[in-house]
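Structure first, commentary second.
The values are calculated or read from the model by the stated rules, or taken from the named source; none is laboratory data. This one's a predicted model, so the numbers in the text were calculated from it and none came from an experiment. Methodologically, a virtual Cβ is constructed for each residue, glycine included, from the backbone with ideal geometry; neighbour enumeration extends over all protein chains shown. In case anyone asks, the SASA skips ligands and DNA or RNA and just uses the protein heavy atoms, side chains included. Shrake-Rupley method; radii C 1.70, N 1.55, O 1.52, S 1.80 Å.
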Amino acid sequence: VHSLPFKNSNLTWTSNLILEVHMKNYQYRSLNNSIVQLRIMLLQHTRVRFYIFLAFVALSVFIFRILSISSHISHANNGSHKCSNNVERTRCFDEPLNRLDQYCSYDVVQGEDGSVTFSQHEGWTLAFLAITIRHGDRSPIHSLPGSNHKKIDNSIVKLLDNDAAKFAKRLSSFELQLLDSGDKSSTHGESLDQTLNPLRAFKVSDLELSQGQLTSIGFMQHVRIGEILLGAYKEFLGRITSSKQLYIRSTNYVRTIQSVAGLVSSLLPHLVVDGTSSSKEVIPIRYYRNEQSEVMHGVGTHSSSHTVTHGVGEAYYEGSCLKSNSLAKQQANRFLPDKDVMDGLVSKFGHNVTFKNIAELVDSSLPNLCHRIPLPCSTSSCLLRSELEKMMSEADRFYCERYSGSFGGKNSSNLSLYPFMME
């Protein structure tokens, strides 16, 4: 196993690559962590065949920490975070001082994708390229207990990327294709029948969206990523002339389906239409109605936001891998949130905040900061940025330990995601 340094700097959620190149009888693989794939397969010289696989997964915003294939996922903490114990402390890591600003950055810039020129290496042929990526910016899934839910005056704050409506016309190039039995128009409470309707997408302010929906900003993030990757791999992507050469798979969420459509629409612009013509063939996006059938979620303990109702958020399910479930529970039982942080939240919003984990509490507040609207308020006072910074630090630690912890977290993650990685 050989690691090549592929990085996408300044991305809120990392777009990392799995890259396989074949040289004679040897295979080299670079495997970096993240969640959603694009595969391009080129088979030897004149006999060229393409296979593209895109898969979008609706997991937690910190999920790219899961795949701790290499032990260097994190650096020593130096005491800036309060880890559960000294052993666990080395698995947590320092976050930059501008953590909130970094997280809220919408900029998508050119990374090192395509920086290896295989023609420079005699006998090397690019045989397989996989991009695993998350959905774009979304509305919050959780709400903060004890906070006032004041409607934002859209005449004062209007959050809508005007370019999204233009690119949304390309949604007509796609169709949903069910991989298991069931009604394809509905999936565990979330209707998908209007997901790819360009006349319905991104017409209202992002602030008016229901919980867990892709914002116009999030859609355009993926359009931009597609443009960047097209520039990096144009030589190979230009040889794809039919949707029959594509295999696209998404999890069964509106936000993930719209994200992959946005990315593909700019990654392969010669295959899509702009809504004014129907002469091109339709590109299928495959999905499982039953979340338990989708290995992108993992086969261990995972969350689902199809159960979202006001004030509830996500539900958690145990997967088919009993050992992974057991290890995840063992790791989770060792986590205790910082007492000062929780005491501050209880004093401001009441005891009900203790019924949510720290990551859920951050999710209820962070989109406000990213979307430049006031942070949640109680009847007496509002959440401060300094308080959110401390919450974010604890949420980072929560996910660090959950997915790469030495008391079951790392092993649970490896078992849970093994079937997906074997794809």
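PRO367 satisfies every condition listed in (1) open to solvent by less than 60 Å² (accessible area, probe 1.4 Å); (2) farther than 17 Å from SER105 by Cβ; (3) touching a Pro at 6+ places or on another chain (Cβ under 9 Å); (4) touching a residue at least 60 places away in the same chain (Cβ under 8 Å) except (2). When you scan the stretch 337-346, do you find a residue that is farther than 23 Å from LEU384 by Cα and touching a residue at least 24 places away in the same chain (Cβ under 8 Å), even just one? So far as the stretch 337-346 goes, no, none of its residues is farther than 23 Å from LEU384 by Cα and touching a residue at least 24 places away in the same chain (Cβ under 8 Å). The condition (being modelled with pLDDT under 85, surrounded by 11 or more Cβ atoms within 10 Å (Cβ to Cβ) and out of contact with any helix residue (DSSP H, G or I) (no Cβ under 7 Å at 6 or more places or on another chain)) is satisfied by just one residue among SER105, SER143, SER181: SER105.
Please verify whether the stretch 184-197 includes one or more residues that are at pLDDT 90 or above and either more than 20 Å from ARG289 (Cα to Cα) or part of a helix (DSSP H, G or I) (or both). Within the stretch 184-197, none of the residues are at pLDDT 90 or above and either more than 20 Å from ARG289 (Cα to Cα) or part of a helix (DSSP H, G or I) (or both). Annotation note: of SER265, SER243, the sole residue that is open to solvent by less than 20 Å² (accessible area, probe 1.4 Å), among the polar types (S, T, N, Q) and touching a His at 6+ places or on another chain (Cβ under 9 Å) is SER265. Among residues of the stretch 380-423 being touching a residue at least 60 places away in the same chain (Cβ under 8 Å) and outside any helix (DSSP H, G or I), the one that is surrounded by the most Cβ atoms within 10 Å (Cβ to Cβ) is GLY405.
May I ask you to verify whether LEU246 is touching a Lys or Arg at 6+ places or on another chain (Cβ under 7 Å) and of a type in the set (A, V, I, L, M)? For LEU246, the condition - touching a Lys or Arg at 6+ places or on another chain (Cβ under 7 Å) and of a type in the set (A, V, I, L, M) - is not met.
A Cβ distance below 9 Å, combined with a sequence gap of six or more or placement on separate chains, defines the contacts here; from the stretch 230-242, residues that are under 21 Å from VAL108 (Cβ atoms) reach residues that are in a loop (DSSP other than H, G, I, E, B) and among the hydroxyl-bearing types (Ser, Thr, Tyr) in the pairs ALA232/SER115. Listed by position, the strands (runs of 3 or more DSSP E) enclosed by the stretch 276-379 that each have at least 2 residues that are of a type outside the set (S, T, N, Q) are 283-287, 315-317. Across the stretch 226-240, the qualifying residues are those that are touching a helix residue (DSSP H, G or I) at 6+ places or on another chain (Cβ under 9 Å) and modelled with pLDDT under 90, and the one among them that is most open to solvent (accessible area, probe 1.4 Å) is ARG239. Just to be sure, is PRO198 surrounded by fewer than 22 Cβ atoms within 10 Å (Cβ to Cβ) and either of a type in the set (Asp, Glu) or in contact with a Ser or Thr (Cβ under 9 Å, 6 or more places away or on another chain) (or both)? Against the criterion (surrounded by fewer than 22 Cβ atoms within 10 Å (Cβ to Cβ) and either of a type in the set (Asp, Glu) or in contact with a Ser or Thr (Cβ under 9 Å, 6 or more places away or on another chain) (or both)), PRO198 qualifies.
Return a yes/no flag: does the stretch 328-348 have any residue that is closer than 26 Å to THR195 by Cα and open to solvent by less than 50 Å² (accessible area, probe 1.4 Å). Outline the logic, then answer.
Quick first cut of the stretch 328-348, residues closer than 26 Å to THR195 by Cα only: none.
Taking every residue of the stretch 328-348 in turn, none turns out to be closer than 26 Å to THR195 by Cα and open to solvent by less than 50 Å² (accessible area, probe 1.4 Å).
Are any residues in the stretch 216-225 crowded, with 24+ Cβ neighbours inside 10 Å and either in contact with a Lys or Arg (Cβ under 7 Å, 6 or more places away or on another chain) or of a type in the set (Val, Ile, Thr) (or both), and if so, which ones? GLY218, VAL223, ILE225, listed by residue number. Within the stretch 210-254, the residues that satisfy the criterion of being touching a strand residue (DSSP E or B) at 6+ places or on another chain (Cβ under 7 Å) and under 21 Å from HIS306 (Cα atoms) are GLY212, GLN213, LEU214, THR215, GLY218, ARG249, SER250, THR251, ASN252, TYR253, VAL254. Screening ASP193 on (1) under 30 Å from SER143 (Cα atoms); (2) in contact (Cβ under 8 Å) with a residue 40 or more places away in the chain shows it passes everything except condition (2).
Which numbered condition trips up SER324, out of (1) modelled with pLDDT of 95 or more; (2) open to solvent by less than 40 Å² (accessible area, probe 1.4 Å); (3) closer than 17 Å to SER147 by Cβ; (4) out of contact with any Asp or Glu (no Cβ under 8 Å at 6 or more places or on another chain)? Checking SER324 against (1) modelled with pLDDT of 95 or more; (2) open to solvent by less than 40 Å² (accessible area, probe 1.4 Å); (3) closer than 17 Å to SER147 by Cβ; (4) out of contact with any Asp or Glu (no Cβ under 8 Å at 6 or more places or on another chain), the one that fails is (3). Any chance the stretch 202-215 includes a residue that's on the phi > 0 side of the Ramachandran plot and open to solvent by 10 Å² or more (accessible area, probe 1.4 Å)? Yes, some residue in the stretch 202-215 is on the phi > 0 side of the Ramachandran plot and open to solvent by 10 Å² or more (accessible area, probe 1.4 Å).
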